[in-house]
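The structure appears below as structure tokens.
FYI, it's all coordinate maths here, none of it is from the lab. None of the values given here were measured: they were computed from a predicted structure. Methodologically, a virtual Cβ is constructed for each residue, glycine included, from the backbone with ideal geometry; neighbour enumeration extends over all protein chains shown.
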Amino acid sequence: MLDWQPLILTFQLAFITTLILLFVAIPLAYWLVHTHSRMKPIIETLVSMPLVLPPTVLGFYFLLAFSPNNAFGAWLDDWLGVRLVFSFTGLVLASVLYSLPFMVHPIQAGLAALPKSLSEAAYLMGKSKLTTLRAVQLPNIRPALITGMVLSFAHTVGEFGVVLMIGGNIPGKTKVASIAIYDEVEALNYGAANVYSLILFALSFCILLLVYMVNGNYFSGNRQL
Amino acid sequence: MILLNLQKRLQSAAGEMLLEVNCEIEAGQFVTLYGVSGVGKTSTLRMLAGLMQADSGSIQVDGKTWLDSSKKINIPPQERGIAYVFQDYALFPNMSVRQNLAFALPKNQDKRIISELIDLMELGALQNRKPATLSGGQQQRVALARALVQSPRILLLDEPLAALDRKIRLKLQDYLLQVHRQFQLTTILISHDIGEISKLSDRVLVLEAGKIIKDGIPAEIFINKPLSGKFQFIGEVLHIEVQEVIFIVTVLIQNTLVKVVAQADEVENLAIGDKVVVASKAFNPILYKV
């Protein structure tokens with residue numbers, strides 16, 4: 001009988017990560033589009049780092065930073081009572097950073113591509129920047145928001161290196177599907193590994209297919225050829 | 001009354017340019033900014049609206065200071081109460097025509113103005129459509145209606161009719177004139193169309209390389225020679241044909257075609273598309289009752 005726990009955990013992690021990312025990425029992308037700060041290229045680089053860095057590097061530094069043996073980890077443990085290494089909370093935090101570019105980039109591109117006159121028209125109607133973002137800018141970049149959400153979700157599902165470094169392999173807490181596959185192969189249990197793999201393969205395929213179909217306007221009937 | 005005194009360094013195609021605008025605009029006037037591209041017309045409107053920051057200068061409207069760089073006063077666009085019709089109309093694609101108008105309604109204002117403007121602009125049949133499904137002329141009417149929902153004192157129009165064909169343009173000019181009078185607006189228009197300017201505006205400011213070089217009523221600005229006759233129209237040359245020793249020039253005035261007989265020396269400097277004044281001196285028009 002297949003243990004569904006790793007799959008459930010994977011989707012819990014991906015769902016929570018995506019939700020948090022949405023709230024983090026919108027202000028960050030908005031700032032990146034509108035700022036004239038000299039810090040902009042540095043922040044942009046940092047956001048993009050997870051694209052090129054081996055996940056193990058990210059995981060390794062998380063492990064160091066969050067370890068209760070180090071100053072920051074000890075402070076978290078003492079003052080907030082959270083231990084981020086080998087816990088689900090730690091996994092969520094690491095996943096948020098690891099998938100950050102997948103949410104920030106589409107939203108940033110979407111906001112930058114909107115004609116400036118739309119937000120200017122709203123300002124001249126007396127609307128605040130927040131109202132303009134909520135009522136004008138975000139509703140008009142819906143494809144970018146959907147792309148960001150789906151890609152972040154899919155990318156978190158596909159996580160391995162970061163999870164292995166910081167989460168370990170604790171059933172029901174940090175043992176996600178990708179780890180479970182590795183585990184089953186190590187135990188020469190190819191059947192179970194195959195089932196997990198097949199499910200992940202099929203789901204990832206469906207999710208990405210959905211993104212391409214939404215962005216290609218296959219659903220609205222006015223597809224541009 | 002609007003008092004403008006603005007300086008701004010701009011990067012134009014011809015290099016750096018200093019925009020220096022200094023003028024007074026009386027309440028209720030219909031003023032047009034005229035000039036070739038890149039002389040600072042749009043920048044002037046944007047600075048008045050607060051969408052662009054002047055390097056230095058001041059703006060005073062009805063005795064209130066909107067901008068004074070020496071005192072570091074700069075009122076944000078949200079508090080200026082200006083209605084602005086953008087060149088690309090800037091209709092919100094996610095909202096229907098009626099929702100676009102409703103979004104522009106200031107807080108605690110009477111909602112009846114929305115329906116009134118939908119009727120005035122003949123948008124009733126379109127009110128639940130999204131902007132993307134409308135033609136250019138229809139979008140323009142929505143943009144104008146949406147600007148008026150704010151009950152503004154000042155209306156800024158950045159080449160609002162440039163992208164439309166002649167017939168719709170003429171109709172919309174009538175709308176503009178009607179709302180300018182009915183809502184007692186101070187209107188500032190950017191336009192390249194001399195016919196349009198002559199029809200709409202009380203006053204023209206001609207900009208060149210960032211400075212106002214001419215200021216007057218349209219007839220003074222566009223007709224260089226003083227004429228004694230009052231019978232004159234501005235039109236566009238559509239066709240020039242030779243007939244024996246004379247020339248027949250076809251001129252489009254508003255939407256009427258007029259054929260004018262011309263001498264060789266008159267035609268010499270004319271090309272198709274030129275703006276001309278058709279005038280008659282010492283001439284007695286005949287009036288028929290219809």
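Numbers below:
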{"read-out": "When each of A:K116/B:K72; A:K127/B:K41; B:K41/B:K72; B:K214/B:K259; A:K40/A:K173; B:K130/B:K211 is checked by Cα-Cα distance, pairs over 29 Å", "value": "B:K214/B:K259; A:K40/A:K173; B:K130/B:K211"}
{"read-out": "Within segment B:1-117: Cβ-based charge dipole about Cα centre, in debye rounded to nearest 20 (Lys, Arg +1; Asp, Glu -1)", "value": "360 debye"}
{"read-out": "Summed side-chain charge close to A:H34 - residues other than A:H34 whose Cβ falls under 15 Å, Lys, Arg +1, Asp, Glu -1", "value": "+2"}
{"read-out": "Taking chain A and dividing mean pair separation by its residue count, relative contact order in percent (alpha carbons under 8 Å, at least six apart)", "value": "28 percent"}
{"read-out": "Cα shape, segment B:1-78, gyration tensor, a/c 1.5 rule", "value": "oblate"}
{"read-out": "Ascending count of other beta-carbon atoms within 10 Å, so fewest first, for A:R83, B:R141, B:R146", "value": "A:R83, B:R141, B:R146"}
{"read-out": "Percentage relative contact order, chain B, counting C-alpha pairs under 8 Å, at least six apart", "value": "19 percent"}
{"read-out": "Cα centroid of segment A:1-75 to Cα centroid of segment A:183-216, whole Å", "value": "23 Å"}
{"read-out": "Overall form of segment A:12-65 per C-alpha gyration tensor (a/c, 1.5; a/b vs b/c)", "value": "oblate"}
{"read-out": "On Cα atoms only, tilt of B:136-149 relative to the major axis of chain B in degrees", "value": "50 degrees"}
{"read-out": "Order of B:Y288, A:Y30, A:Y196, B:Y84 - criterion: other Cβ atoms within 10 Å of each residue's Cβ, fewest first", "value": "B:Y288, A:Y30, A:Y196, B:Y84"}
{"read-out": "Stretch gain in nm, segment B:R166-B:T250, where the contour uses 0.36 nm per residue and the Cα spacing is subtracted", "value": "28.5 nm"}
{"read-out": "Gain on full stretching of the segment that runs from A:W75 to A:L22 - 0.36 nm per residue minus C-alpha separation", "value": "16.3 nm"}
{"read-out": "Among A:I8, A:L21, A:T131 the positive-end extreme of the charge dipole of chain A (Cβ point charges)", "value": "A:T131"}
{"read-out": "Helix runs (DSSP H) in chain A reaching 27 Å along axis by Cα, Kyte-Doolittle at least 0.5", "value": "A:5-34, A:190-215"}
{"read-out": "Summed side-chain charge close to B:A163 - residues other than B:A163 whose Cβ falls under 14 Å, Lys, Arg +1, Asp, Glu -1", "value": "-2"}
{"read-out": "Within chain B: Cβ-based charge dipole about Cα centre, in debye rounded to nearest 20 (Lys, Arg +1; Asp, Glu -1)", "value": "1060 debye"}
{"read-out": "Calculated [θ] (222 nm, deg cm²/dmol) that DSSP helices of n ≥ 4 give over the protein assembly as shown, each run adding -39,500 (n - 2.57)", "value": "-13500 deg cm²/dmol"}
{"read-out": "B:L10 versus A:V214: modelled label distance in nm, points set 7 Å from Cα along the beta carbon direction", "value": "4.2 nm"}
{"read-out": "Gyration tensor (alpha-carbon) shape descriptor, chain B, a/c threshold 1.5", "value": "oblate"}
{"read-out": "3J(HN,Hα) from dihedral phi, segment A:68-77, Karplus parametrisation 6.51/-1.76/1.60, rounded to Hz, x for glycine, proline", "value": "x, 7, 9, 4, 5, x, 5, 4, 4, 5"}
{"read-out": "Scaled radius of gyration (Cα, divided by 2.2 N^0.38 Å) that the protein assembly as shown gives", "value": "1.36"}
{"read-out": "Taking A:S37, A:S87 and counting other C-beta atoms within 10 Å, the order from fewest to most", "value": "A:S37, A:S87"}
{"read-out": "For the protein assembly as shown, size of Cβ-based charge dipole, Lys and Arg +1, Asp and Glu -1, in debye", "value": "1140 debye"}
